[in-house]
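Step one of this worksheet: look at the structure below.
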Amino acid sequence: MATNRVLIVEDDHTLLSVLQYNLTKEGYDALTASDGIQALETARTRKPDLIILDIMLPGMSGLELCRILRKEMTVPVLMLTARVEEADKVAGLDSGADDYMTKPFSTRELLARVRAILRRASMAGPKPGEGPVLRAGDIEIDTARHRAAVGGSPLNLTPKEFDLLTFLARNAGLVFSREQLLDKVWGYDYPGDTGTIDVHVHWLREKIEDTPGKPRRLVTVRGVGYKLEG
């Protein structure tokens, strides 16, 4: 089995060394970059399977770097932020990050999230016996080509938005709680922040709904969770 390649982008050299050491110890090929320009070049040439990306970077911010990466590749991005305000987390997710962690964090949790993200990426293809195209109402998802459309119009989705939409389409009409979605889509074996779900649902609605404030495709079941109408 090929070794997963993880690019760590962090300008705190002590933290960078700690993360590289622990990821290497876990068997990953851990690459490093300490600024946005270097990270972009490394991502383009080394093609990592996952990028751990700090928001505050010299040369180019993590948010700007993430936006560029999203236009060029579908590599999952785990954003690191020292800020706890919801707006900062939303900005990271809106730039294309799949998830975020707030500093300080435990190495155990970071490794759990890395495992979960890579596991989900490896399972992104169609299930055995399932055709490559899923349909839920006027939403079509080509799992083999990692493309989605609504009403025939292509959708520009981040990898995690694609994963969430694909899971809900496979289970159209069924209601899932935030905790269930965190487990099924993010695959955490470590407790995560269910606010991640709400943010991703919000941005997914911005792309698939005619009126995001009054969703008719991805709906909320009050007190329970979310479902995608079939």
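Of all the criteria given as (1) surrounded by fewer than 19 Cβ atoms within 10 Å (Cβ to Cβ); (2) closer than 22 Å to residue 121 by Cα; (3) touching a residue at least 60 places away in the same chain (Cβ under 8 Å), the one not satisfied by residue 18 is (2).
For first residues located in the stretch 201-212 and at negative phi, partners that are acidic (Asp, Glu) and lie 6+ apart or on another chain with Cβ distances below 6 Å form the pairs 204/161; 212/206. Annotation: of all residues in the stretch 7-36 being under 15 Å from residue 114 (Cα atoms) and of a type in the set (D, E, K, R), the one that is farthest from the chain's Cα centre (by Cα) is 25. Against the test of being assigned to a strand (DSSP E or B) and not basic (Lys, Arg), the options 149, 169 yield a single qualifying residue, 149.
None of the figures in this text is laboratory data; all of them are computed from the coordinates on show. As the structure is a computational prediction, the values presented were derived from the model and not from experiment. Note: ideal-geometry Cβ built from the backbone for every residue, glycine included; neighbour counts use all protein chains shown.
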